[in-house]
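So the structure is just underneath, and the comments pick up after that.
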Amino acid sequence: MAVAFNHTIVATRDQEAGARFLAEVLGLPAPTRFGPFSVVALPDGASLDFMDSEEVHPQHYAFLVSESAFDAVVGRLRERGVPIYADPWHGTPGHNTNDGGRGAYFDSPEGHNLEVITRPYGSGQA
């Protein structure tokens, strides 16, 4: 049997706002409802299912995007006044050029550490 990632639950204090932020920033279709979740569908068939929670422990979610999608995401973040960083610790403003691609980290409204990359780690030059 082949194994493929299907979905994960994203804890948030406001599932509608959290799901909408991610969908808008990544340029994805608006979230849909499924049971108690606000669902952000990804193009590969996987989804992030946002669920309200009193307690949110920040997690890391990384998204592989094309070069043009990277530019669009960074543009949407700048329009919203959301800073981007070259590292997961948010110590260096801007983006990185790891593996011959580009990558940027940013925070979601609930404090999750989100990342967009144009090349998978280990796929190119450092």
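The values are calculated or read from the model by the stated rules, or taken from the named source; none is laboratory data. Just so you know, these numbers come straight off a predicted model, no measurement behind them. Because the Cβ atoms are built from the backbone with ideal geometry, glycine has one as well, and the counts that use them run over all protein chains shown.
Some observations on this one:
- Residue in segment 64-73 that is without any contact (Cβ under 8 Å) to a residue 12 or more places away in the chain, surrounded by fewer than 15 Cβ atoms within 10 Å (Cβ to Cβ), under 24 Å from H95 (Cβ atoms) and among the charged types (D, E, K, R) present: yes
- Restricting A19, A23, A72, A86 to residues that are of a type in the set (G, A, S), within 19 Å of N113 (Cβ to Cβ), modelled with pLDDT of 95 or more and in contact with a Gly (Cβ under 9 Å, 6 or more places away or on another chain) narrows the list to A86.
- Number of positions in segment 97-120 that are surrounded by 13 or more Cβ atoms within 10 Å (Cβ to Cβ) and more than 16 Å from the chain's Cα centre (by Cα): 4
- Of all residues in segment 35-50, exactly one satisfies the criterion of being polar (S, T, N, Q) and more than 19 Å from V65 (Cα to Cα), namely S38.
- Beta carbons closer than 6 Å, at least 6 apart along the sequence or on distinct chains, pair a first residue in segment 94-115 that is within 13 Å of F63 (Cβ to Cβ) and modelled with pLDDT of 95 or more with a second that is charged (D, E, K, R) and part of a strand (DSSP E or B) for Y105/E115.
- Residue, surrounded by the most Cβ atoms within 10 Å (Cβ to Cβ), within segment 23-42, restricted to residues that are under 13 Å from the mean Cα position of the chain (by Cα) and without any contact (Cβ under 8 Å) to a residue 40 or more places away in the chain: V40
- In the set (1) under 23 Å from G101 (Cβ atoms); (2) within 11 Å of the chain's Cα centre (by Cα); (3) not small (G, A, S), L77 fails one condition alone, (2).
- The set of residues in segment 77-86 that are surrounded by 15 or more Cβ atoms within 10 Å (Cβ to Cβ) and either free of Cβ contacts under 8 Å to residues at least 12 places away in the same chain or outside any strand (DSSP E or B) (or both) comprises L77, V82, I84, A86.
- Residue in segment 51-60 that is in contact (Cβ under 8 Å) with a residue 24 or more places away in the chain, part of a strand (DSSP E or B) and within 23 Å of G101 (Cα to Cα) present: yes
- Residues in segment 1-46 that are in a loop (DSSP other than H, G, I, E, B) and among the charged types (D, E, K, R): R13, D14, D44.
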